[in-house]
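Inspection log for the structure reproduced underneath, given as structure tokens.
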Amino acid sequence: MENITLSALPAQTFQVVLDDQQCRITLYQRGRRMYLDLEVDSETVCRGAICQNRASVVPFPTLSFSGSLHFWDTLGDEPPQYDRLGTRFILLYVSADEMLPDALKF
């Protein structure tokens with residue numbers, strides 16, 4: 001499991017290597033919801049995925065991305081908000097060969 005560093009900004013794009021996958025992640029707040037776009041090796045995996053607490057951000061299994069991304073509200077059970085990204089709301093990568101931590105299970 002890997003904690004992905006985030007900034008408390010309403011929109012951000014960054015690149016990160018996750019389990020040897022070159023990932024480009026875009027996070028953005030629209031109204032009361034956060035959304036995520038994910039590209040792996042320049043291939044779109046998802047666009048406009050709704051970010052919710054503990055649920056996998058990538059809405060369906062795909063051969064283009066191995067593992068899963070999950071937001072975790074460290075203080076409760078709220079959907080992520082940009083102003084507390086990286087503190088209250090953490091983005092975690094769980095590789096395909098790891099067990100989902102209890103904190104992320106419903």
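The values are calculated or read from the model by the stated rules, or taken from the named source; none is laboratory data. Predicted model, so just to flag it, every value in this text is computed and none were measured. Glycine gets a Cβ as well: all are built from the backbone with ideal geometry, and neighbour counts include every protein chain shown. Accessible surface areas use protein heavy atoms only, side chains included; no ligands, DNA or RNA. Shrake-Rupley method; radii C 1.70, N 1.55, O 1.52, S 1.80 Å.
Brief remarks follow.
- Solvent exposure of the chain, expressed per residue, is 57 Å² of accessible area, with all protein chains present and a 1.4 angstrom probe.
- Shape summary of the chain, radius of gyration then Dmax from alpha carbon positions: 12.6, 35 Å.
- Karplus-based coupling profile of the range 89-96, in residue order and whole Hz: 9, 10, 9, 10, 9, 10, 5, 5, with θ = phi - 60° in 6.51 cos²θ - 1.76 cosθ + 1.60 and x standing for Gly or Pro.
- Cα-centred dipole magnitude for the chain, charges only on beta-carbon of K, R (+1) and D, E (-1), debye, nearest 20: 560
- For C46, distant residues with modelled amide H under 5 Å away: L38
- 3J(HN,Hα) from dihedral phi, the range 54-64, Karplus parametrisation 6.51/-1.76/1.60, rounded to Hz, x for glycine, proline: 6, 6, 4, 6, 6, x, 8, x, 8, 6, 7
- Legend: residues V94, V17, sorted from most to least accessible area (1.4 Å probe; ligands, DNA and RNA excluded), read V17, V94.
- Looking at the range 33-106, the trypsin sites (Lys or Arg not before Pro) that sit in a DSSP loop and have at most 10 other Cβ atoms within 10 Å of their own Cβ are K105.
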